[in-house]
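Structure record follows, encoded as structure tokens.
The values are calculated or read from the model by the stated rules, or taken from the named source; none is laboratory data. In this text, all values refer to a predicted model and were calculated from it rather than measured experimentally. As a convention, Cβ positions derive from the backbone with ideal geometry for all residues, glycine included, and neighbour counts pool all protein chains shown. Calculation scope for accessible area: heavy atoms of the full protein, side chains included, ligands and nucleic acids excluded. Shrake-Rupley method; radii C 1.70, N 1.55, O 1.52, S 1.80 Å.
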Amino acid sequence: MHKGFLVWAAVLGALAVMLGAFGAHKLKELVPPETVSTFQTGVTYQFYHVFALLAVGILYAHIPGPQLIWAGRCFIIGVLLFSGSLYLLTILKMTNTVGLRGVGIITPIGGLVFIVGWIALLLAVLKK
């Protein structure tokens with residue numbers, strides 16, 4: 001198994017639960033509904049990729065290789081970019097901060113990194 005990916009999955013999973021609880025119970029008092037939806041999208045994609053990261057960590061014991069390493073890295077980076085940018089946009093909306101709205105361009109980059117991770121996972125499985 002790849003312990004590093006499993007550790008990241010556990011940390012990001014715990015964080016996703018905390019952020020999801022915040023979004024469900026407190027955030028709706030602070031921002032408009034469309035912003036809550038944006039935040040929830042970040043939490044949802046973070047959770048999806050926590051499970052993908054768990055799979056990569058476990059699969060590494062059976063089919064180790066660079067494709068799986070890159071898949072795991074891409075899932076971590078994707079969470080940081082995709083979900084992180086949505087969280088940041090929510091904070092900006094919550095604090096009425098202007099001037100940093102260009103942060104939204106990071107979200108699709110994170111999405112592309114997720115796609116690369118899934119393709120790397122596919123290649124690792126097909127290589128076996």
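Some notes on this structure:
- From the list Ala9, Ala61, Ala24, the one residue that fits, being modelled with pLDDT under 95 and within 24 Å of Ala124 (Cα to Cα), is Ala61.
- Pairs where the first residue, in the range 47-58, is more than 14 Å from Ile119 (Cα to Cα) and the second is open to solvent by 70 Å² or more (accessible area, probe 1.4 Å), C-beta under 8 Å, 6+ apart: Gly57/Met1; Gly57/Lys3; Ile58/Met1
- Residues in the range 31-58 that are modelled with pLDDT of 95 or more and farther than 14 Å from Leu15 by Cα: Thr41, Ala52, Leu53, Leu54, Ala55, Val56, Gly57, Ile58.
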